[in-house]
Each structure stands twice: as structure tokens, then as C-alpha cells.
Amino acid sequence: MEINGMNLVTGASLVKLINKIRANSGKLADDIHLAAVSVLAEIEKELDKTGAPNVDRIRQLLLNVHVSNRRKALGEWFRVYAPVTVAWAKDGSLSVKMLKGALAKSHPGFDIEGAAAIPYWDMTEEKVPGPVDFIKMIQNMQRKMEKALKGEADSKQSPDSIERALGGLGAVLASLEA
């Protein structure tokens, strides 16, 4: 069976695929951790040697780790174990820089041993979405729409369509609160 260009597998082929994932995912996680700790050690050595380390290896690693491997959590891990900033832009681009000035002085510095002891997936929790609060969500939408009507926020919609939608949201909110 094919769905969205994927040829689905069943039976023994599915069991084989699951076993392959089990075998490979642990190795991949270990490789990512080894690469991350190695990058930190290389940057720290370069800092000691030249005073101006190249943090591009962090950026390269983060961009090459698949999103399913929680690369943003890996970025947070780097910020804990090295005096760096890691900033993801909405378009998916990434900026990694060494901390400077007071921020650099307030950071404890490189902690290669700590980084080696605690892989990024153990340091951060994977966020699982909780229940949706529809009332709060609608109230937030109302505030944003009201700001757009006052000219305090940009909108792709016309003021008339925003006003109609606000009236509809008010009715939905009243029915949820009842």
C-alpha cells in the first residue's frame, strides 16, 4: 500500500524495519553525543591557543542533526556546557556565537567532563503537549485582532473581516464559557 509516496510495509518486513531502527537509533545518539563533546573540546583548545575559536562546528552539527533528534535540545545543551549563544531563526537558519563581555564572565566556561557525562537527551525533557485551553486560545486571538484594528499590529486581513471574525469569536467564547 502506498500513502503520500511511502510504500508501507507489513508483517515480517515491518518487524525487520522496527528492529533496524532499534539497532541504529542508539548508535546514532551515541555518535551525536561523541561529536558534540568533541566539538566542545576542539573549540576550548582553539580558544586556549588563539583566543578566537571558530564555533562553526557547533552550527554545522546542529544543522546536520535531524529535527526528530531534538536538535534544539542539543543547542540548549551546548549553551550549558560552553560559553556560546545558539539562536534559531523562524526560517530555520541558525546563529552560534561565543559569549562576550559580562555574559562571558558570568558563564562558568567549558565543562567537557560534564558534557561527556550528561548527553543532551538526558539533560532536557521532551515537551509533550498538554490539554488545549480553547477559552484562553480564543481570548489571545481576540487581543491580537483588537491590536490589529487599533493599528498596533500588522494584519493580512481587512478591518471589516477582522470585525466580523471578532463578533464570531465572541459568540464562540460565550458558548464555551456557558
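The values are calculated or read from the model by the stated rules, or taken from the named source; none is laboratory data. Worth saying up front: this structure is predicted, and the values here are computed from it rather than measured. Here the Cβ positions follow ideal geometry from the backbone for every residue, glycine too, while neighbour counts run over all protein chains shown.
Counting the residues of the stretch 68-89 that are over 8 Å from the mean Cα position of the chain (by Cα) and farther than 18 Å from PRO108 by Cα gives 5.
Does any residue of the stretch 9-20 turn out to be more than 30 Å from GLY109 (Cβ to Cβ) and either touching a residue at least 60 places away in the same chain (Cβ under 8 Å) or among the charged types (D, E, K, R) (or both)?
The first filter runs over the stretch 9-20 and keeps only residues more than 30 Å from GLY109 (Cβ to Cβ), leaving 9-20.
Now narrow it down to the ones that are either touching a residue at least 60 places away in the same chain (Cβ under 8 Å) or among the charged types (D, E, K, R) (or both): 16, 20.
Yes, that holds for at least one residue.
Does LEU166 qualify as being in the same structural domain as ALA36 (by TED's automatic domain parsing) and either without any contact (Cβ under 8 Å) to a residue 40 or more places away in the chain or of a type outside the set (A, V, I, L, M) (or both)? Give the steps one after another, and end with the answer.
Working: in the same structural domain as ALA36 (by TED's automatic domain parsing): no; either without any contact (Cβ under 8 Å) to a residue 40 or more places away in the chain or of a type outside the set (A, V, I, L, M) (or both): yes.
Against the criterion (in the same structural domain as ALA36 (by TED's automatic domain parsing) and either without any contact (Cβ under 8 Å) to a residue 40 or more places away in the chain or of a type outside the set (A, V, I, L, M) (or both)), LEU166 does not qualify.
Considering only residues that are more than 21 Å from GLU42 (Cα to Cα) and not hydrophobic (A, V, I, L, M, F, W, C), which ones fall in the stretch 77-122? Matches in the stretch 77-122: LYS90, ASP91, GLY92, SER93, GLY101, SER106, ASP122. For the stretch 1-34, filtered to residues that are surrounded by 10 or more Cβ atoms within 10 Å (Cβ to Cβ) and among the basic types (Lys, Arg), the residue that is farthest from the chain's Cα centre (by Cα) is LYS16. The set of residues in the stretch 35-67 that are over 18 Å from ARG79 (Cα atoms) and either among the hydroxyl-bearing types (Ser, Thr, Tyr) or more than 23 Å from the chain's Cα centre (by Cα) (or both) comprises ASP48, LYS49, THR50, GLY51.
Those helices (runs of 4 or more DSSP H) of the stretch 59-161 in which at least 1 residues are under 27 Å from VAL37 (Cβ atoms) and aromatic (Phe, Trp, Tyr), considering only elements entirely within it, cover 71-81, 120-123.
Would you call LYS49 assigned by TED's automatic domain parsing to the domain that holds LEU34 and modelled with pLDDT under 90? Spell out how you get there, then give the answer.
On the way: assigned by TED's automatic domain parsing to the domain that holds LEU34: yes; modelled with pLDDT under 90: yes.
When the stated conditions are applied, LYS49 passes them.
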